[in-house]
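Accompanying notes for the structure given below.
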Amino acid sequence: MDETSKEEEEDSTFTTISLADEAGCSRILCPRPGSLLSKMMNADMDAVDAENQVELEEKTRLINQVLELQHTLEDLSARVDAVKEENLKLKSENQVLGQYIENLMSASSVFQTTDTKSKRK
């Protein structure tokens with residue numbers, strides 16, 4: 001037997017995979033698909049995948065929640081701006097009406113100031 005066959009027989013849980021070199025100069029050891037090590041690695045990977053899936057779902061949920069809150073904030077901000085504009089408009093209208101009422105009062109004899117002492121005498 002040559003050296004490569006001897007190594008494969010001694011360690012049956014690993015298989016040799018050749019990388020890039022046709023002459024077999026560059027090799028790595030990988031677990032055989034049916035070996036205990038392979039099953040353990042698959043179980044570990046499944047656990048990691050499940051954890052990653054849970055983390056990914058949680059991140060997605062949080063991202064969606066943040067986006068929803070951003071949209072709500074934008075809506076509220078737009079509403080505040082609209083209310084501010086309406087408030088300024090109403091203040092301006094109130095000033096105009098106040099001035100109009102003052103002018104009417106000053107033009108009317110009913111609202112003229114009178115000297116009560118001089119009328120009583």
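The values are calculated or read from the model by the stated rules, or taken from the named source; none is laboratory data. Computed from a predicted model, the values in this text were never measured in an experiment. Every residue, glycine among them, receives a Cβ derived from its backbone with ideal geometry; neighbour counts consider all protein chains shown.
Given the structure, is Lys89 modelled with pLDDT of 90 or more, under 34 Å from the mean Cα position of the chain (by Cα) and surrounded by 10 or more Cβ atoms within 10 Å (Cβ to Cβ)? No: the conditions fail for Lys89. Just the residues that are assigned to a helix (DSSP H, G or I) and at pLDDT below 80, please, taken from segment 92-121. Scanning segment 92-121 gives Thr116, Lys117, Ser118, Lys119, Arg120.
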